[in-house]
Amino acid sequence: MTQEQAQAPLAGVRIVEFAGIGPGPFAGMMLADMGAEVIRIDRAGGKGDPSLDFLARGRRSMVLDLKQPEAVEVAKALLATADGLIEGYRPGVMERLGLGPEVVQAVNQRLVYGRMTGWGQDGPLAHAAGHDLNYIALSGALWGSGEADRAPSFAMNLLGDFGGGGMFLAFGMVTGLFNAMRTGKGDVVDAAITDGTASLMAMTYSFRAMGRWRDERAANLLDGGVPWYGVYECADGEWVTIGALEPKFWDTLLQLLEIEPASFGDRANRDDWPAMRARFTEIFKSKPREHWCALLEGTDTCFAPVLSPAEARAHPHNAARHIFTAEGPEQPMPAPRFRAAQTPLPDPAPKPGADTRAVLAEIGFDDTRLDDLFGAGVVA
C-alpha cells in the first residue's frame, strides 16, 4: 500500500465485489476511489483492454469458477477476511451459489452485504429483467423529463444506474460499515434503483405536496417550464444554458443582454412566458457560443456552455480543478475531494485473475493448495 493509499478515507477497508455491469461496478469504483481495497471476483476470459474500463479501476482481480463447490469454499475464506461484499445478480442467485447473506455472515458476522438490483430484493417485479429506463419510469422521474409536446426524455443512464443505483449502494455500504464498526455486526444493504431514484425525487414530491408542482411536462420551475431556466441554441449550432432563478441573477442577466425589464414581461405571469422564451431564443441564436461565453461566463447570470465530452477536459474551470485526468485516456478523477485525506487516481483495472494467487497466498493458502486449485480449474 502506498503512502497516498494509506491516507485515503477508506484505507484498510476490504470489499469483495462479484463482477457485474453498470451500477455495481460504479459503487465499487467509488469505494476504490476513496482508498478501499476492492477485490473483484471475475469470470474467466473477457474481451478488450481492461485498463480502459474505468468503472473497474482500482481493483485487484481473482477468477473463480463458482459452479465448483471448492470455489465457493475459496470465496468464503476470502469473505472471512473482508469488511463488505457487493453483488449485482438477480434475487436468489447468490443463494443458489451457496453464498447468500445467511451463509456468509455465519462465517463473518461483521460483513456488510451489499445487493444491487433494479427492482429490489422483493416485490412483484423483483425477478423480472429490466434496465435503467424501466426503473426511472416506475419512480415517476422519467415522466417529468423532457419537452411538453414530445415523449419523455432521459439523460443516458445517469439518473437510474449511477444516481439512484450505484451511488446509493456506495452510501449504503459506507453507512453499514460505520454501523458494523460500532456494533460488531454487519447488515444486508438492499439497494434498488427504483428506491434510489424515488429518493432523488424527494424535492419534486415535496413541491407537489405544497401545491407548487404541476403534473405536466415542462411546466415547472426546474423542468424547462420557465424561460429563464433552460437551454438555448447559438448561431453556430452550439448550445448554452441559463438558470437565473433568483431575481438578482435575473436582473444581472437582463442587464448584460441589454434588455429593458419593463418591456420584457412579468415572470410571475405564465401568459408572458412564451414571448420571453421567444425573445431569449432570438437573442442567443444571433451570436455564436463563444460570444456568449465571453459575455456571461463567470458572472452572476447562472450561465454555462453545453460542452461535449471531448470539450469538457479542456475547459479552464475543469482543468484548474483537475476534474479529468490531465494525461492518458480521458476519465473523471475521484470525487468528492478532501482537505486532508488523499484520493489519487487508482490504478487501471487489472486483467481478470491477475491477483488470484497473490490474494489467496495473503489469506493463508500455501503453494501446494494453490497449485491444486489452479490445476482443477477452481481458480484461474
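The conditions of being outside any helix (DSSP H, G or I) and either under 30 Å from V104 (Cβ atoms) or modelled with pLDDT of 95 or more (or both) are met by K287. Looking only at residues of the range 190-205 that are surrounded by fewer than 24 Cβ atoms within 10 Å (Cβ to Cβ) and of a type outside the set (G, A, S), we find that the one that is nearest to N220 (Cα to Cα) is T204. In the same structural domain as R337 (by TED's automatic domain parsing), surrounded by 23 or more Cβ atoms within 10 Å (Cβ to Cβ), out of contact with any Lys or Arg (no Cβ under 6 Å at 6 or more places or on another chain) and more than 28 Å from L159 (Cα to Cα) - does that describe any residue in the range 7-15? No; the residues of the range 7-15 include none that is in the same structural domain as R337 (by TED's automatic domain parsing), surrounded by 23 or more Cβ atoms within 10 Å (Cβ to Cβ), out of contact with any Lys or Arg (no Cβ under 6 Å at 6 or more places or on another chain) and more than 28 Å from L159 (Cα to Cα).
In the range 105-140, the residue that is nearest to the chain's Cα centre (by Cα) out of those that are over 27 Å from K185 (Cα atoms) and assigned to a helix (DSSP H, G or I) is D132.
If you check V93 against the conditions, is it of a type in the set (V, I, T) and more than 23 Å from P25 (Cβ to Cβ)? No; evaluated as a whole, the condition is false for this residue. The one condition from (1) within 23 Å of the chain's Cα centre (by Cα); (2) under 25 Å from I242 (Cα atoms) that T325 does not meet is (2).
For the range 244-264, does any single residue satisfy the condition of being over 30 Å from R115 (Cβ atoms), surrounded by 15 or more Cβ atoms within 10 Å (Cβ to Cβ) and modelled with pLDDT under 95? Taking every residue of the range 244-264 in turn, at least one turns out to be over 30 Å from R115 (Cβ atoms), surrounded by 15 or more Cβ atoms within 10 Å (Cβ to Cβ) and modelled with pLDDT under 95. The residues in the range 16-55 that are buried (at least 24 other Cβ atoms within 10 Å of the Cβ) and of a type in the set (D, E) can be counted, and the count is 3.
With respect to the conditions (1) in contact (Cβ under 8 Å) with a residue 24 or more places away in the chain; (2) farther than 30 Å from E87 by Cβ; (3) not in a strand (DSSP E or B), G230 falls short on a single one, namely (3).
For the condition without any contact (Cβ under 8 Å) to a residue 60 or more places away in the chain, touching a His at 6+ places or on another chain (Cβ under 9 Å) and not hydroxyl-bearing (S, T, Y), A209 does not qualify.
The values are calculated or read from the model by the stated rules, or taken from the named source; none is laboratory data. Remember, it's a predicted structure, so these values are computed and weren't measured experimentally. Neighbour counts run over all protein chains shown; Cβ positions are idealised from the backbone, glycine included.
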